[in-house]
Amino acid sequence: MTEDQQTHDDRAVQSGGGPPDGSATENALVFRLRRFFTRDELPPLGTVRHWLLTTNHKDVGILYLVTSLFFLVFGGVLALLMRVELLTPVGDILSATGYNQAVSTHGLIMIFWFLSPFAFGFANYVVPLQIGAKDLAFPRLNSLSYWLYLFSGILLGISYFQGGSFEGGWTMYAPLNVPTYMPNIGSTTTVLALVLFVISVTVSSVNFITTLHRMRAEGLTLFRMPLFTWSILLTVWMMLFAFAALLAALLILSSDRILGTTYFTAEGTPGSLLWTHLFWFFGHPEVYIVFFPALGAMAETFQTFTGRRLVGRKWFIIAMVLVALQSFLVWMHHMFLTSINLQIKTLFMVTTIGISLPFDLMVFSLIYTMVKGRIRFTTPFLFTFGALLVFIIGGITGVFLGAVVLDYQLRGTYWVVAHFHYVMVAGVMALVGGIFYWYPKFTGRMYNKRLGKATFWLFFVGFNLLYFPLFVAWETPRRVFEYPAALTPWHQLATVGGFLLGISFLLVIWNCYWSLWRGEPVDGNPWEYSTTAEWAVPSPPPLENFPGVPSYESGSLAFRDDDTPETSTDGGTTVSNDESGSTAHDHHDSHASPWPFFIGIASLVFFLGLSGITTGGIYPVLTALGVVFGAVSLIGFGLESFSVTEPERGERWPFEGIENGKLGVWVFLASDIVLFGAFIGSYVFLRVGYGWTDWTLVPHDPIPGLINTYILLTSSFCIVLALVAAEKNSRWGLIAGLSTTLLLGIGFLINKGIEWVELFHEGVWLSSNVQASTFFLTTGLHALHVILGLLILLYLIPRAINGSYLNDERPIEYFGLYWHFVDIVWLFLFPLFYII
Amino acid sequence: MSLMHGLTTQMVTVNNQHVHLVLQTNGRTMNDVFSMLFGVFLILGTAVGAVVISYMVYNAYKYRDREGRDGTMTDPLQLGELPQGGGDGKKLAISLAISAIIVIALIGWAYVLLVDVEAGAPASENPIEIKVEGIQFSWQYEYPNGHTTSTLRVPEDRPVTLTVTSGDVFHTFGIPAFDLKADAIPGQTTQRWFRPNETGTYRAQCFELCGSGHSVMESDVIVMEPNEYEQWYANTGADAPAMNNSAAAVSTTKTRIENGGAEASSQRVAITF
């Protein structure tokens, strides 16, 4: 095809978007064929099979949205139970433990199982469309994230049937969270459900980070990304690091609950404070993690429905980046009442106030965008406008808490409750606006407009009636069902508001359901002044999203012909992809896999078994079943041929030279660094609290540890040799390298096993004392990483024997990265636990 | 609405207070500063909120899409355009600067008061030092002479320094009437002080979820005439009656929780299945 023809085929986008029109019939045929074949692979939309197998980002997005709305109802019912209890100032409806469980599970569900996944429903659906990608970088991992999320939620639900769920609040403060004070199995199940949820989040973060950095359309530089996509980019980066800290906290807690370690209960060490540090290091970024997507949705709808570009867009983005960075430096403002000293309080007061100013700027930016606009008060705009309004109140009342002196008194009262609901539920309000904004795109039909507007007013009134009285009744202590009788009218008002808000949520869900059949059909772009790429394709978009390769090279979106040879001299700034590029046209992408679903079920069974493993009965059987089923599913996942093509051209800053798989491994390791960092940090924190030099090292002899250091270093060298052999096409060299690594790894474990068995014989066990707890758990976590590495080797070696990896040595390279990382971690653990 | 009352009186004297503030470097309790500071924050916060929200709603109304209004916009948004900024950033910078000044000034002032509060009770006033321990679900107070009780008795107009800790889980000790709050953490101590200024019976309670009895984890705080207090204190000691006293109090709390459970068990909906 000559360059002239190619220019001819570049179609400027018209407002309707849609599949190719008359100007390129040849292209249309290719497009239809491709669609036909890929459809053939994925079962039809109406079937259950479709939803179990799909890996398509749009389907997964819908699954996330629907599931999160289910959890919204679950968490909402718990909230209403509390509101009914609070109608009177004494306890009368719920039992004390019942109330505490409602408080705890309401918080956990709304923050983890509703808000974030709700936002990620939109992110899944919209982000690939906005950046011009056919799907996420790792579609199967995306569907895996969803199934892990769903099954973690089911696990949480099961906890209620195991003698009661967790009752220590969503902050899960130590040591109330250990079995001494909370013995029922259901509490352990809740903690494990959170572990599973965090795994889902981590997989998802890796996927989104890789996608956003590697799969943007030509011309769509990072800075030019639409604001919703920007908000998601920053959200996933925050998630990657914050959730790793939470994972450390949860693993330690699980170990204290199941294995009997004494991190949070040991005499003489500040275990209780350790939990608050670990939890809030995660907990404060989490606030922005759940709010940023809402902010992105606000920015999009404000632009579309005012018809104006965001005022100070550059500053808006800079402000978001600042917040994302600084969010990791404010956690101790949750601990002003603990024994931390004035200097630290001062520092954290400054960072806290500092983080409020970028939000100031964002609010003004949204407000100024309305000036001179043509504002259409559609349902989505009403919701995001209302969200901004209540967010302003939430922000101002938050400044009160930043002033330490006021925090001294407001802490633990309904002032805090009212403040964070004004912020968090403002986020929910904005995302409900997002539902209405993108509903026509998701379904091809318009929602019921009249009902939508009525719902907004009910929502807005219900919201303020629910949360504003809580400011007035701020003297009520949090999480109690007995409060001063004088405050009763305010609480009764709040309960009425709670029911109105609940009804309005049901109306939103009903509207979505009703409009699926009765809504007016819409074309690709129902909104005047929308700009982003999702509106340039039909509603709902076809399986692979675009009628050609999206490009912004010309300054605005155009779809380039799929068959353009990659050598075209159009002045593209990026390099075409090496391996996959040449074969991209020979086969189509896969869109279905059963394995993520199976891995999800296996995880559910495994964690359920783990929750009660110390009590015996059916639990150990379930654990074993989960392990077996999980191993089979993972092998199935690994062996399945699932093809995904990377785009040939695109914006990839700053990861141009690194392909998707490698970036994914790097990003995962980054979160693993935080996990180990948190474990090592916990050890140092406890040891300093105990007295660094008074602390006795658990192993008497550093020699086994030293030998293991040499073993691991040698194994790292062997895996490098294996990679070199694969590059040189030497099958036996590769097999020898991998096998030696495997043997060295086994040697490491045997040596460690002998060391541990000796300690056990001396009566040193995980629960003996805090020194033993930290030693066994931290080095045990490392040993688990070694075991995981060996399992991967056991998968790689037979395939290497069959001749794999000689043409494509990337799997060996990725494994090598992981293995080196595990070795480096040991280089930190060895001195800390054996020598110093 | 003691708050609004405090607010109006404090606002009148706010200038006075400020002068006072510069001169007085310690000896301020939370009770002295909280309602004043809270009041000023409330007024300024309301004012800022009202201005911003009014401006927002006014513009939303002014630029609403309506018939008869010139529908054409200069340089309208186009589908598929690369995202770019609009408007001028100058207005944004000014708004940010104004709000930053307000926030930083407020916080700065609050910080000066914080340093004051943190300075601790003035030794010249001979503060009473009492240890407070939270135990599921009651508070134990230990006096310098070793007397232990579950009711806090203190004299009027004399500083009281509390050293707060916990015997089991994380609690937060608070006496709302004296704007006093401190975390009770096992193995750690937190110090706060207050100067009760009026005799009467007040309530101390727990502000951190600590288990099934959290809602009823409270105790009486009795502020006595100084003479009366001295008399009472002289009769205490680390002796048997005192121990009985505290044991009785613990059992009262327990009975209360149990009764609370029993009374309502017939009408309560258990949340566990």
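Shape analysis of the protein assembly as shown places it in the oblate category; the axes a ≥ b ≥ c from the Cα gyration tensor give an a/c of at least 1.5, with a/b not above b/c. Converting phi to 3J(HN,Hα) with the Karplus coefficients 6.51, -1.76 and 1.60 and the offset θ = phi - 60°, segment B:35-41 yields 5, 5, 5, 4, x, 5, 4 Hz in sequence order, with x at every glycine or proline. Overall form of segment A:307-434: prolate. Here a/c, set by the Cα gyration tensor axes a ≥ b ≥ c, is 1.5 or more, and a/b is the larger of a/b and b/c. The listed residues B:E198, A:E218, B:E208, A:E475 rank as B:E198, A:E475, B:E208, A:E218 when sorted by accessible area, largest first, using a 1.4 Å probe. Amide H to amide H distances under 5 Å link A:G307 with A:R374, where only residues 5 or more positions off or on other chains count and H is placed in the peptide plane. Inter-chain neighbour count for A:352-362: the average number of beta-carbon atoms from partner chains within 10 Å of each residue's beta-carbon is 4. I want the antiparallel fraction of DSSP beta bridges within the protein assembly as shown, as a percent rounded to 5. Beta bridges within the protein assembly as shown, antiparallel portion: roughly 70 percent.
Other protein chain C-beta atoms within 10 Å of residue C-beta, averaged over A:180-190: 1. A rounded overall shape is assigned to segment A:48-534, the ratio a/c of its alpha-carbon gyration tensor axes (a ≥ b ≥ c) being less than 1.5. Contact order for segment A:683-835, expressed relative to its length and based on alpha carbon pairs under 8 Å spaced 6+ residues apart, stands at 36 percent.
With the whole protein complex present, A:C512 retains an accessible surface near 30 Å², based on a 1.4 Å probe. Counts of other chain beta carbons within 10 angstrom of each beta carbon in peptide A:315-325 average 1. Derived scalar couplings between HN and Hα for segment A:128-140 equal x, 5, 5, 9, x, 9, 6, 6, 6, 5, 10, x, 5 Hz in order, rounded to whole Hz, by the Karplus curve 6.51 cos²θ - 1.76 cosθ + 1.60 (θ = phi - 60°), x for Gly and Pro. Relative to one another, the C-alpha centroids of segment A:162-238 and segment B:176-235 are positioned 39 Å apart.
Put simply, chains B and A cover up around 8800 Å² of each other's accessible surface, both sides summed, when a 1.4 Å probe is used. Of the chymotrypsin sites (Phe, Trp or Tyr not before Pro) found in segment A:470-558, not one falls in a DSSP loop while having at most 13 other beta-carbon atoms within 10 Å. Calculated FRET efficiency, A:F717 to A:E762, Cβ-Cβ distance, R0 = 25 Å: about 0.15 to the nearest 0.05.
The count of lysine pairs in segment A:48-534 whose Cα atoms are under 28 Å apart, excluding pairs fewer than 8 places apart on the same chain, comes to 13. Near B:Y202, the amide H atoms lying under 5 Å from its own belong to B:V221, B:I222, B:V223; only residues 5 or more places off or on other chains count, and H is placed 1.01 Å from N.
Packing order of peptides A:796-803, A:424-431, A:346-353, highest average first: A:424-431, A:346-353, A:796-803 (average count of other Cβ atoms within 10 Å over each peptide's residues). Over the C-alpha trace of segment B:69-143, radius of gyration and Dmax come out as 28.4, 79 angstrom. Heavy-atom surface analysis with a 1.4 Å probe gives segment B:47-186 a carbon and sulfur content of 58 percent of its accessible area. Using the Cβ-Cβ distance between A:T696 and A:L788 with R0 set to 30 Å, the FRET efficiency works out to roughly 0.45. Taken per residue, the accessible surface of segment A:683-835 reaches 45 Å², heavy atoms only and a 1.4 Å probe.
The values are calculated or read from the model by the stated rules, or taken from the named source; none is laboratory data. This is a predicted model, so every value here is computed, not measured. Cβ sites come from the backbone with ideal geometry, for glycine too, and all protein chains shown count toward neighbours. Ligands, DNA and RNA are excluded from the accessible area calculation, which covers all protein heavy atoms including side chains. Shrake-Rupley method; radii C 1.70, N 1.55, O 1.52, S 1.80 Å.
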